């Protein structure tokens, strides 16, 4: 190994002599090309940037995925309470439904559960087929605009079919990642969760 490195150094010195002759520039460039000290530091500087970018992207992608799971669990928990009649039609208002959802997703949003980030729509349908045909109000285009127009909180009575859709605008912290995972015009990731059920025969 040492012999091979010595041969490379000697070859580099001969090439430098042919290129620059025996003047002062020759000695300067010879020391620069032959000296191998600091190679590890240079390699680390070259590779550290892309490596850190990859690590940050992985971490943020995992956090976004976890936030989506929290939102899905919250939607299922609230839907279960509504399906079993723990909250009747007269008790479920927009403020009450927002409070129920915010309590479930507090671990990912803290106290910041504002109306500009969390959106939901609760309504009843006559059949499951009609519920399946409902527009999701989210497009795959990165420049798509999200509009909660027409969203309401109308819980049906016992035995009715209901659907709860919950949306949350999840901020993307890494700038370069906004162009690959965002799905709204404002550069955020719109998380979505849906639950469809038929109310149990509880007493209205």
Query raised in the report: How much space per residue, in cubic angstrom, does the convex hull of the C-alpha atoms of region 65-198 take up?
Result: 105 Å³
**Report entry** Full-extension gain in nm, residue 80 to residue 175, via 0.36 nm per residue minus C-alpha separation
**Finding:** 30.4 nm
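No lab work stands behind these numbers, since they all come straight from the coordinates. From a predicted model like this one, the values you see are computed outputs, not experimental measurements.
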